[in-house]
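Asks: Dumping the structure here so I can ask a few things about it.
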Amino acid sequence: MTYSKIIGIGHFVPERVITNEYLESIMDTTDTWITERTGIKERHYATYGKDTNASMGTEAAKIAIERAGLTPQDIDFIVYATITPDYYFPGSGFIMQRELGMKGIGVLDIRDQCSGFIYAISTADQFIKSGMYKNILVVGSELQSTFLNHTNEGRGVAVIFGDGAGAVVMQATDNEEHRVISTHLHADGTYAEDLYVKDPGSSRPKRFYDDLVDDNTTGDVFMNGSVVFKHAIVRFPEVIKEALNANGFKPEDIDLLVPHQANLRISEYVRQQMGLPEDKVFNNIQKYGNTTAASIPIALCEAWESGRVKEGDLVCLAAFGSGFTWGSALIRW
Ligand code: COA
């Protein structure tokens, strides 16, 4: 039987640090409001002319490939998760492929918002288990700062999100111990418009640019924060338990839970619901904000680098986000 395992991991965040104090100086917000409601103290923003979605994905991928002991030429396929590509199309995975000199191999763009990396891991796992590919590069990258409305009108959303990228290399293995054990994916389109960006969409009779004269906010992120919050605190524990139950594990068997970094209050609520001690849940939203598809690989990478993920550990990744989408991945490291 062929399984997949993670053999290399890397992350990259742009160097520009945006503190809550800086946001206080450009909009009507406070460090106290942001910290109490989200746990975020700072986030990183890309620098125009230097960082792009694809360049951040490329940097994270280089580290993951090197740590895997491979070269870009060893990679058979790319799965690239983002909702903030450099261009409307083609996706940033193609640009990263070009930058890394991997011409010819297939690229699959995934856009499942904050659950994008879980969907990407699951997709790569299926390709490997089927025998189609041996080494797959999986990337989550987001450049969200240029989508945010940094005025009082957009403050409820702008303070939450940040930029960055993370990547893993997944490889085929016949080792039954150290592998991706299972992945679980869900969605409910009922709530599609509770967290969404309308434009540039095709749901209008003419070019959306023509309408911008009347309304220039249709390209902003709209978030019904309380609805998102209520669903997130139900779906996170549900999908983590689904992963555990499917494999005969109990919450206490988890060595480390790496949740999508949506909001520290959500992570804390999930931790309590699962009955996990603080040292079994990894959070770094304080430093990076919500980096959507990049948040799990950035967090997993920092957890691994700091020794919080060790050989033999049972690691659970879980996400919830726009769509609504949610999912989990259970890994024996
Ligand atoms: N600074 C200061 N005040 C702000 C603010 C900001 N950045 N953004 C909004 N406010 C104000 C609102 O205007 C509102 O003022 P009012 O009472 O005078 O109308 C007040 O703060 C409370 O707003 P509300 O939306 O009720 O706050 P909340 O306690 O629900 O928290 C969120 C808002 C967004 C932090 C919260 O709903 C949340 O965490 N939702 C989940 C978001 C999430 O995780 N998204 C990612 C999913 S992947």
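Since every read-out is calculated from the coordinates, none of them should be taken as a lab result. Every value quoted in this text rests on a predicted model; they were computed, and no experiment measured them. All Cβ positions, glycine included, derive from the backbone under ideal geometry; neighbour counts span all protein chains shown.
Asks: Below 8 Å, C-alpha to C-alpha, sequence gap of six or more: please give me the relative contact order for the range 1-155 in percent.
Replies: Reported relative contact order: 30 percent.
Asks: To the nearest 20 Debye, how big is the dipole of the chain about its Cα centre, given +1 on the beta carbon of each Lys and Arg and -1 on that of each Asp and Glu?
Replies: The calculated dipole for the chain is roughly 500 debye.
Asks: Here is a follow-up. Sequence gap at least 6, Cα distance under 8 Å: using those rules, report the relative contact order of the chain to the nearest whole percent. Intermediate values should be presented prior to the final figure.
Replies: Values: 792 pairs, mean separation 85.5, N = 333.
Rounded, it is 26 percent for the chain.
Asks: Which of the peptides 278-291, 145-158, 21-34 is most tightly packed, and how do the rest follow, judged by the mean count of other Cβ atoms within 10 Å per residue?
Replies: 278-291, 145-158, 21-34
Asks: Which one, 234, 116, 169, is farthest towards the positive end of the dipole of the chain when Lys and Arg carry +1 and Asp and Glu -1 on their Cβ?
Replies: 169
Asks: Membrane-span-like helices in the chain: DSSP H runs reaching 24 Å or more (Cα, own axis), mean Kyte hydropathy at least -0.5?
Replies: Membrane-span-like by this rule: 225-246.
Asks: So between residue 150 and residue 210, what do we pick up on full extension, going 0.36 nm a residue minus the alpha carbon distance? All intermediate terms of the calculation are to be shown ahead of the outcome.
Replies: Numbers: separation 60, 0.36 × 60 = 21.60 nm, distance 2.30 nm.
Gain in length upon complete extension: 19.3 nm.
Asks: Determine, for each peptide in 305-314, 225-234, the mean count of other beta carbons within 10 angstrom over its residues, then list the peptides with the highest first.
Replies: Put in order of decreasing packing, that is 225-234, 305-314.
Asks: As a test of the formula, what do you get for the chain when each DSSP H run with n ≥ 4 contributes -39,500 (n - 2.57) and the sum is divided by the residue count, at 222 nm and rounded to the nearest 500 deg cm²/dmol? Display every interim value, and only then the final one.
Replies: On the way: 11 runs with 108 residues, N = 333.
Taking each H run of at least 4 residues, the total per residue is -9500 deg cm²/dmol.
Asks: Picking from 105, 128, 18, which is most flexible by a Gaussian network model of the chain using Cα springs under 10 Å?
Replies: 105
Asks: Using alpha-carbon positions, what is the distance between the centroids of the range 259-295 and the range 229-250, in Å?
Replies: Here the answer is 14 Å between Cα centres.
Asks: Continuing with the same structure: Taking neighbour counts of Cβ atoms within 10 Å as a proxy for exposure, in what order, fewest first, do 12, 320, 208 appear?
Replies: In order of increasing Cβ crowding within 10 Å: 208, 12, 320.
Asks: Which order results if 163, 194 are arranged by neighbouring Cβ count within 10 Å, fewest first?
Replies: 194, 163
Asks: Take 197, 138 and order them by how many other Cβ atoms sit within 10 Å, fewest up front. Spell out each step's value before the answer.
Replies: Numbers: 197 17, 138 29.
Neighbour counts put them in this order, fewest first: 197, 138.
Asks: Could you tell me the center-to-center distance, by alpha carbons, between the range 158-172 and the range 100-127 in angstrom?
Replies: Comparing the Cα centres of the range 158-172 and the range 100-127, I get a distance of 12 Å.
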